[in-house]
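Asks: Quick one: the structure is below, questions incoming.
Since every read-out is calculated from the coordinates, none of them should be taken as a lab result. Note that the coordinates shown come from a computational prediction; the quantities given were computed from them, not determined experimentally. Every residue, glycine as well, gets a Cβ built from its backbone with ideal geometry; the counts of neighbours run over all protein chains shown.
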Amino acid sequence: MSTPVEQSVASLLRPEVRALSAYHVPDSRGLLKLDAMENPYSWPATFVDEWLERLRTADPNRYPDPACESLKASLKATHHIPAAAELMLGNGSDEIIQILLMALRPGATVMAPEPTFVMYRQISASLGLKFVGIPLAQDDFALDAERFSEAVTTHQPDIIFLAYPNNPTGNLFDRSVVEQVIRMAKGLVIVDEAYAAYASDTLMGELCRYDNLLVMRTLSKLGLAGLRLGYLAGPQPWIHEFDKVRLPYNINVLTQISALFALEQHDMFVGQVAAILRDRAALMADLSQIERVRVYPSEANFVLLRLLRHDATTVFTNLKQRGILIKNLHPQGGALTQCLRVTVGTPEQNQQFLTAFRAELSAGH
Ligand SMILES: *Cc1c(COP(=O)(O)O)cnc(C)c1O
């Protein structure tokens, strides 16, 4: 028997919303957090003081600058965004994905290779859009040119998301295949460069050479996940329209001031990224010494692993018991069967993970 409120919920809300499960964020209290691709380094005390000084200039009683002009100018300069491109900012790139999809016609088709970032599918579902996932190559998660272009021809997607590098697999797709998809697609292609700081390639330089290409980035994985700031760069006519769907004050005053301050600390971030890249290489080298574990190549600040003999869920649960939180991808099934994803931490954190991981595997579950 359902209660009156349950009956109202059932009759008033769209069935696709009721069918969703909310995005699950695990409780990480007291755990070493290596599950969410956060930068492990905090700021030196002098920077924290300077930052807090800057925050004193905020007027919390006033609405923030709706256009974020100074922040956009700073992003354009520091991220080498082509002069011809326009920017739209989002409360994280998650919000940008939502804005993009809200602007499409009802019943539009969204396409992405899979496995990939789950929010493309999740937000499409919440808006009642059709989502078509095209499997990546089984062995190395490559974007298969023939299979993907065939799917584009068949489904004529209104929008395609290509995470470059891809999450959770960590690889960059073959750039010539990406450009082939951009050329053949009649719809929009969003190249999601959330991990640009850690990757050896970018499509940013191609902006405005293709009418249907937009590049999306976020400051989250670089080291500002708490601020929630992402951006979409591309031709003015697209940005102009998407900007109408964006809520007017989506970037709050604290984020605007803090991001502007952080972008001035360029050298600190360059140093942190260099350390993470160095430690990614060390972590991968150590992991590949472990038998019965497959380590996938990474262009991001995380490493994808497949357990060839052990049960990923058991290992994940036991690592958590030992105080280490990573991501268990096994429940997603398919190509991610027995897969785990670990974020690159500080050298000490990586050692802590490696020690516990080795102990778990030799415990022989
Ligand atoms: C983390 C991630 C995002 C979302 O980032 P936010 O800006 O924190 O919302 C988008 N795309 C990919 C591929 C990601 O891995």
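Asks: Check whether at least one residue in the stretch 36-43 is in contact with a helix residue (DSSP H, G or I) (Cβ under 8 Å, 6 or more places away or on another chain), of a type in the set (Ser, Thr, Tyr), more than 23 Å from Ala300 (Cα to Cα) and surrounded by 15 or more Cβ atoms within 10 Å (Cβ to Cβ), and report yes or no.
Replies: Checking the stretch 36-43: not a single residue is in contact with a helix residue (DSSP H, G or I) (Cβ under 8 Å, 6 or more places away or on another chain), of a type in the set (Ser, Thr, Tyr), more than 23 Å from Ala300 (Cα to Cα) and surrounded by 15 or more Cβ atoms within 10 Å (Cβ to Cβ).
Asks: Out of all the residues in the stretch 208-224, which are in contact (Cβ under 8 Å) with a residue 24 or more places away in the chain, closer than 22 Å to Met184 by Cβ and surrounded by fewer than 20 Cβ atoms within 10 Å (Cβ to Cβ)?
Replies: Of everything in the stretch 208-224, those that are in contact (Cβ under 8 Å) with a residue 24 or more places away in the chain, closer than 22 Å to Met184 by Cβ and surrounded by fewer than 20 Cβ atoms within 10 Å (Cβ to Cβ) turn out to be Cys208, Tyr210, Asp211, Asn212.
Asks: Which members of the stretch 225-254 meet the condition of being within 12 Å of the ligand (Cβ to nearest atom) and without any contact (Cβ under 8 Å) to a residue 60 or more places away in the chain?
Replies: Of everything in the stretch 225-254, those that are within 12 Å of the ligand (Cβ to nearest atom) and without any contact (Cβ under 8 Å) to a residue 60 or more places away in the chain turn out to be Gly226, Leu227.
Asks: Shifting gears a bit: Of all the strands (runs of 3 or more DSSP E) wholly in the stretch 149-233, which have at least 3 residues that are within 24 Å of Ile251 (Cα to Cα)? Give the steps one after another, and end with the answer.
Replies: Values: elements: 159-163, 188-192, 213-218.
Those strands (runs of 3 or more DSSP E) span 188-192, 213-218.
Asks: So which residues in the stretch 64-87 are within 22 Å of Asp201 (Cα to Cα) and not hydroxyl-bearing (Ser, Thr, Tyr), if there are any at all?
Replies: Leu75, Lys76, Ala77, His79, His80, Ile81, Pro82, Ala83, Ala84, Ala85, Glu86, Leu87
Asks: Take the conditions among the β-branched types (Val, Ile, Thr), within 24 Å of Leu87 (Cβ to Cβ), in contact (Cβ under 8 Å) with a residue 60 or more places away in the chain and touching a helix residue (DSSP H, G or I) at 6+ places or on another chain (Cβ under 8 Å) and apply them to Val189. Does it pass?
Replies: Criteria not met by Val189.
Asks: Further, regarding this structure: Only one residue in Pro40, Pro60 is assigned to a loop (DSSP other than H, G, I, E, B) and either in contact with a Lys or Arg (Cβ under 9 Å, 6 or more places away or on another chain) or acidic (Asp, Glu) (or both). Which one?
Replies: Numbers: Pro60 fails: either in contact with a Lys or Arg (Cβ under 9 Å, 6 or more places away or on another chain) or acidic (Asp, Glu) (or both).
Only one candidate passes the filter, namely Pro40.
Asks: Could you look through the stretch 63-77, keep only residues that are among the charged types (D, E, K, R) and part of a helix (DSSP H, G or I), and pick out the one that is surrounded by the fewest Cβ atoms within 10 Å (Cβ to Cβ)? Show your work before the answer.
Replies: Our first condition is that a residue be among the charged types (D, E, K, R); within the stretch 63-77, this holds for 65, 69, 72, 76.
Filter again for part of a helix (DSSP H, G or I), leaving 69, 72, 76.
Values: Glu69: 10, Lys72: 19, Lys76: 17.
Only one residue tops the list, namely Glu69.
Asks: Suppose the filter is within 15 Å of the ligand (Cβ to nearest atom), assigned to a helix (DSSP H, G or I), under 19 Å from Ala73 (Cβ atoms) and touching a helix residue (DSSP H, G or I) at 6+ places or on another chain (Cβ under 8 Å); does Ala262 pass it?
Replies: Spelling it out, Ala262 is indeed within 15 Å of the ligand (Cβ to nearest atom), assigned to a helix (DSSP H, G or I), under 19 Å from Ala73 (Cβ atoms) and touching a helix residue (DSSP H, G or I) at 6+ places or on another chain (Cβ under 8 Å).
Asks: I would also like to ask the following. Search the stretch 78-114 for residues being in contact (Cβ under 8 Å) with a residue 60 or more places away in the chain, within 16 Å of the ligand (Cβ to nearest atom) and part of a helix (DSSP H, G or I), and hand back the single one that is farthest from the chain's Cα centre (by Cα).
Replies: Met102
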